[in-house]
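The values are calculated or read from the model by the stated rules, or taken from the named source; none is laboratory data. Computed from a prediction, not measured in an experiment: that's the story for all the values here. Note that we place each Cβ from the backbone using ideal geometry, even for glycine, and neighbour counts take in every protein chain shown.
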Amino acid sequence: MRALLITSNRLGDAVLTTGAVPYLAERYPGVRLTVACGALPAPLFDAMPAVAEVWRLEKQPRSRHWWGLWQKAVPHFWRHVVDLRGSGFAFTVATLRRSIMQPDRSPQHRVQHLTQTLGAVAPLAPALSWSAEDEAEAARRLANADRWIAIGPTANWAGKQWQAERFGAVADALTSLTGLYPGARILIAGAPGEEAMAEPVLRNLPPGQYVTAFGWPLPLLTAALAKTQLYIGNDSGLMHMAAAVGTPTVGLFGPTRADHYSPWGEKTRVVRTKSSIQQLKSAPGYHHTTTGSLMGEITVDQVLAAVTDLAGDSPCQYPP
């Protein structure tokens, strides 16, 4: 018997749906689970033992990618088709059960939306896996220090990128002799091609204090993030990966919805701009492709306060 999970092309959205995999595997013992998703998050699902195969769902003009998926799926009879992209695809193949995620503009988190879509009782928290080889390679690459802090200074558009020099100032404060993580090394992560965004961070750090992880295979990066003691980053897929492996995570938000996309888990905090999304995007001359960072209201002191609060494990968000 087979089950099909159709999820996102985007890394962060896909990470937030990974909790569906262990849920389906437990609900249907022995099921052959297929995941259809974009090429970017596909390696994360490849690494999950409960996933039998991953079909890359590359977006094509005139929605031709759905035709390609249908050609693969239609020969099979499915126990359950889960469509988290809200299409009508599940009605075009033979299946005993269909679950289709509907658009949701309510304040609930995307993990809660997933849980509701599948009818689960407990929240379907993100769950990531990696191999023993990834574990060993991550240990090798992070072998020159006992403690690591991870920073994600990049994002897929400029508006939600906190100023890179402020990331550098936070890293310097945390790793100084009087900081919370004295002597810790810094893992600076991002996607291939995003190295330039991190340059101002690197300029603030002494040589030898950091390792860059741009373009590392995602399961390897997952294993590395699991070895860090803290993650600080913009609203991005890497932020969700860090939270998913249990790393204490501080997510920075401005022109995106923290109610939908905050890092999931108890060991997380959110620092957000005082201005609302609407206020940020209604500024004169705003355009999502040309406007620079909209995160200037977030100060270094606020982020350091959130880290201190997280270390004390008491719930708080900044500003209130």
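The table below lists the values:
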quantity	calculated
Failed criterion for Pro200 (all others in (1) out of contact with any Gly (no Cβ under 7 Å at 6 or more places or on another chain); (2) farther than 18 Å from Leu128 by Cβ hold)	(1)
Hits in the range 33-56 - residues which are over 17 Å from Arg85 (Cα atoms) and out of contact with any Asp or Glu (no Cβ under 8 Å at 6 or more places or on another chain)	Leu33, Pro43, Leu44, Asp46, Met48, Pro49, Ala50, Val51, Ala52, Glu53
Complete set of residues in the range 124-138 that are in a loop (DSSP other than H, G, I, E, B), of a type outside the set (A, V, I, L, M) and closer than 11 Å to Leu218 by Cα	Ser129, Trp130
Cβ pairs under 6 Å, 6+ apart, first in the range 192-208 and in the same structural domain as Ala150 (by TED's automatic domain parsing), second in a loop (DSSP other than H, G, I, E, B)	Pro192/Gly215; Glu194/Thr154; Met197/Thr154; Ala198/Pro153; Val201/Pro153
Tally, over the range 150-185, of residues that are assigned to a strand (DSSP E or B) and either of a type in the set (S, T, N, Q) or under 19 Å from the mean Cα position of the chain (by Cα) (or both)	3
Scan of the range 102-114 for residues that are closer than 29 Å to Pro219 by Cβ and either without any contact (Cβ under 8 Å) to a residue 12 or more places away in the chain or more than 19 Å from the chain's Cα centre (by Cα) (or both), ordered by number	Gln112
Enumeration of residues in the range 1-29 that are assigned to a loop (DSSP other than H, G, I, E, B) and more than 22 Å from the chain's Cα centre (by Cα)	Met1, Tyr28, Pro29
One residue from Thr34, Thr92, Thr18 being among the polar types (S, T, N, Q), touching a residue at least 60 places away in the same chain (Cβ under 8 Å) and outside the structural domain of Ala191 (by TED's automatic domain parsing)	Thr18
Evaluation of Val250 against (1) touching a Lys or Arg at 6+ places or on another chain (Cβ under 7 Å); (2) more than 27 Å from Lys281 (Cβ to Cβ) (one fails), failing number	(2)
Elements of type helices (runs of 4 or more DSSP H) in the range 220-315, at least 3 residues being farther than 24 Å from Val201 by Cα, modelled with pLDDT of 95 or more and out of contact with any strand residue (DSSP E or B) (no Cβ under 7 Å at 6 or more places or on another chain)	258-261, 277-281
Residues of the range 214-236 classified as of a type in the set (Gly, Ala, Ser) and surrounded by 24 or more Cβ atoms within 10 Å (Cβ to Cβ), total	4
Members of the range 145-174 found to be crowded, with 22+ Cβ neighbours inside 10 Å and of a type in the set (S, T, N, Q), listed by number	Thr154, Gln161
Qualifying residue in the range 202-210 (condition: under 14 Å from Phe167 (Cα atoms) and part of a helix (DSSP H, G or I))	yes
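To keep it simple, each residue is scored yes or no on (1) outside the structural domain of Val81 (by TED's automatic domain parsing); (2) aromatic (Phe, Trp, Tyr); (3) in contact with a strand residue (DSSP E or B) (Cβ under 9 Å, 6 or more places away or on another chain).
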site	(1), (2), (3)
Met101	no, no, yes
Gln108	no, no, no
Pro123	yes, no, no
Arg140	yes, no, no
Trp148	yes, yes, yes
Lys160	yes, no, yes
Glu165	yes, no, no
Ala171	yes, no, yes
